[in-house]
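Please read the structure below before turning to the comments.
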Amino acid sequence: MFQPPPGDSFLDLSTDADLEYVTLIGNGHATHFAVVTSIQNINEILNVVEGLYENSVDVTFNIVYQGGWQIQDPYGVGCTDSECVLATFKNWSNLNRPPATFDGRDAALLFTGKSIVNFNLAYIGVICNFPDFSYGMMVGNFPVE
């Protein structure tokens, strides 16, 4: 088993791309290729963010699960705002992909293209202490150039 050097911390992270995000990345098409491209895009984004975290607080990301939807995802069904989408993502994930038994993650991050979501959002002060609330979401397409 890999042991990090003393002082290094790892954040086990799960990511998910909703149907709208996959469709956005796939130029209007939610194909298998668009899911793969979405995951590659998410990895590029997280590599940039991880660089900031490694330098400032000595935290390295460990991606333990990545998914993407080619059919309508369950996140945000009946929602009209960002808070509802995040709560739906949290509730669905805790029921269907519980952190302790599904992937052992410390946190989960939804990448969304939903038009009702207009800002990034996360539960604050919960990472590692309250895994059932360790969720966040990022909005739109963030190409890394």
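Given the criteria part of a helix (DSSP H, G or I), under 19 Å from Phe10 (Cβ atoms) and of a type in the set (Asp, Glu), does Glu83 qualify? It is false that Glu83 is part of a helix (DSSP H, G or I), under 19 Å from Phe10 (Cβ atoms) and of a type in the set (Asp, Glu).
What residue, among those in region 37-69 that are of a type in the set (Ser, Thr, Tyr) and farther than 21 Å from Leu19 by Cβ, is most open to solvent (accessible area, probe 1.4 Å)? For region 37-69, the residue satisfying everything is Tyr53. Can we say Phe89 is assigned to a helix (DSSP H, G or I), among the aromatic types (Phe, Trp, Tyr) and within 15 Å of Trp69 (Cα to Cα)? Here the answer is yes, as Phe89 does meet what is asked. The condition (being closer than 20 Å to Ala34 by Cβ and either aliphatic (A, V, I, L, M) or open to solvent by 40 Å² or more (accessible area, probe 1.4 Å) (or both)) is satisfied by just one residue among Val77, Val139: Val139. Does region 1-13 include one or more residues that are closer than 15 Å to Met137 by Cβ and either open to solvent by 50 Å² or more (accessible area, probe 1.4 Å) or in contact with a Leu (Cβ under 6 Å, 6 or more places away or on another chain) (or both)? No, region 1-13 contains no residue that is closer than 15 Å to Met137 by Cβ and either open to solvent by 50 Å² or more (accessible area, probe 1.4 Å) or in contact with a Leu (Cβ under 6 Å, 6 or more places away or on another chain) (or both). In this structure, Ile127 qualifies as touching a residue at least 60 places away in the same chain (Cβ under 8 Å), surrounded by fewer than 21 Cβ atoms within 10 Å (Cβ to Cβ), hydrophobic (A, V, I, L, M, F, W, C) and not in a helix (DSSP H, G or I). For Ala34, state whether it is crowded, with 19+ Cβ neighbours inside 10 Å, in a helix (DSSP H, G or I) and of a type in the set (Gly, Ala, Ser). Judged against the criteria, Ala34 is a match.
When Leu110, Leu121, Leu95 are checked against the criterion of being modelled with pLDDT of 95 or more and closer than 19 Å to Asp18 by Cα, Leu110 stands alone in meeting it.
Ala108 meets all of the listed conditions (1) of a type in the set (A, V, I, L, M); (2) assigned to a strand (DSSP E or B); (3) out of contact with any strand residue (DSSP E or B) (no Cβ under 8 Å at 6 or more places or on another chain) but one, namely (3).
Residue count for region 92-105, restricted to those that are surrounded by 16 or more Cβ atoms within 10 Å (Cβ to Cβ) and part of a helix (DSSP H, G or I): 4.
The values are calculated or read from the model by the stated rules, or taken from the named source; none is laboratory data. Fair warning: this is a prediction, and the values are worked out from it, not measured in the lab. Note that each Cβ is placed from the backbone with ideal geometry, even for glycine, and that neighbours are counted across all protein chains shown. Ligands, DNA and RNA are stripped out before the accessible areas are found, and what is left, the full protein with its side chains, is counted by its heavy atoms. Shrake-Rupley method; radii C 1.70, N 1.55, O 1.52, S 1.80 Å.
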